[in-house]
1. Given Cα pairs under 8 Å that are at least 6 residues apart, what percent is the relative contact order of the stretch 197-378?
2. If one computes P(r) from the Cα atoms of the stretch 197-378, what percent of pairs lie at distances over 21 Å?
3. If a/c stays under 1.5 just call it rounded; otherwise compare a/b with b/c (prolate if a/b is bigger, oblate if not). Do that for the stretch 215-314, with a ≥ b ≥ c from the square roots of the Cα gyration tensor eigenvalues.
4. Taking only protein heavy atoms and a 1.4 Å probe, what accessible area per residue, in Å², does the stretch 197-378 have with all protein chains in place?
5. Between THR150 and ASP208, what length comes free when the chain is fully extended (0.36 nm per residue of separation minus the Cα-Cα distance, one decimal in nm)?
6. Using only the Cα atoms of the stretch 91-186, build the gyration tensor, take square roots of its eigenvalues as a ≥ b ≥ c, and label the shape rounded, prolate or oblate: rounded if a/c is under 1.5, else prolate if a/b is larger than b/c, else oblate.
7. Pop out the carbon and sulfur fraction of the accessible area of the stretch 211-288 as a percent, whole number, probe 1.4 Å.
8. What order, most packed first, do the peptides 170-182, 278-290, 56-68, 255-267 have when packing is the mean number of other Cβ atoms within 10 Å of each residue?
Amino acid sequence: MRENEGVVGGSAGGLASVGSPILEAGPKAEAAKLLPFLALGARADLQAAAAQHVLALTGSGPGRTLLAGQAALLRALVELAVAPAPAPARDAARALVNLAADPGLHEPLLAAEPGLPARLLGCALDPQWPWAEEAAAVLANLSREPVPCTALMAALAAAEPGESGLERLVLALCTPGYNARAPLHYLGPMLSNLSQRPATRAFLLNHDRCVVQRLLPLTQYPDSSVRRGGVVGTLRNCCFEHRHHEWLLGPEVDILPYLLLPLAGPEDFSEEEMERLPVDLQYLPQDKQRDPDADIRKMLIEAIMLLTATAPGRKQVRDQGAYLILRELHNWEPEPDVRVTCEKLIQVLIGDEPEHGMENLLEVQVPEDVERQLQQQDRQEQSSASGAAAAGAVAPETRSEGAAPT
């Protein structure tokens, strides 16, 4: 299962099968009549059928729009999603995943239940909660937008005294078997979204906490592209903080091998070239595979590109043989968009150094007209690369709206 997949679940006719009176009603009336069956005290079989019915409605755009106007029903859905068994919490939570996948529904969701991020956060980080993955998926979808992301940051800051909410989040993400009943892969994209905030990056890049170092092994996490991609996105966001580049590239963190290894294949290098590579990238096995996810490969390249923003960073990346890995990646890369990104990084590594006063590429002020020209050139390059590869390329897998654990 991949990030941003859509939910398929529930039957629109589920209520009729258990004798529900909701038959042949108009859409709004039908939604309103669901409310009594979603109440916590409702009969268990009717409550389960009502939750399945709502889940089915959230599988389509018109159904989600219909539910967005039913504040009382949304509140009832949240109550079910955090309720203990025998309540149908999983179907309720999966319905919230679908609703949260639509940015236009974030406002009515938070208006109906302002405490939604805090309540779901408690479930996502509860080692005993069976549907913690669903709660994390809702939060991953919500945190893509500024307003709910702010609410989630506030919930993390309001953790128990003496405890950091972000610390608990990283602990849950990095601890195998933290929740024996939920894999918690969606904590990855949730952290990636949160790392767009300076406060989160400051926490992750605190030199005394040893947080970012705990994330590094997950760039090779084999069981979930969702978790792996979330961690890579987090690391890429951290690389925007150029003041920390020397530390990130230095021996305390040594981030570069973790970014390059997923991009490396089984190629043989000469002895001279091999000696230029970090030890972890030397003499890789013949069955070594690159990360199969094109989006993740692109984010890894972008993270390295950010690390080359300063002159010392460019020197460190060059000295560790990054060009060799990128050269072979470029020859292999089947996706035009990723290949263009790789080309740009290679040009930085093999090109001349910027003139004095422009060494920090993140601080260079580009005139608006030049920026527009560069953006147009980027689009033309990507279009040209796509056209050249169209005849023999396999179409990349598409990602639908919303995250949905199974």
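1. 20 percent
2. Taking all Cα-Cα pairs of the stretch 197-378, the fraction more than 21 Å apart is 51 percent.
3. It comes out oblate by the Cα gyration axes.
4. So the stretch 197-378 comes to 49 Å² accessible per residue, rounded to a whole number.
5. 18.3 nm
6. Note, shape of the stretch 91-186 comes out oblate.
7. The computed percentage sits at 48.
8. 255-267, 56-68, 170-182, 278-290
The values are calculated or read from the model by the stated rules, or taken from the named source; none is laboratory data. These numbers come from a predicted model, not from an experiment. Don't worry about glycine lacking a Cβ; one is built from the backbone with ideal geometry, like all the others, and counts go over all protein chains shown. The accessibility values were calculated without ligands, DNA or RNA, using every heavy atom of the protein model including side chains. Shrake-Rupley method; radii C 1.70, N 1.55, O 1.52, S 1.80 Å.
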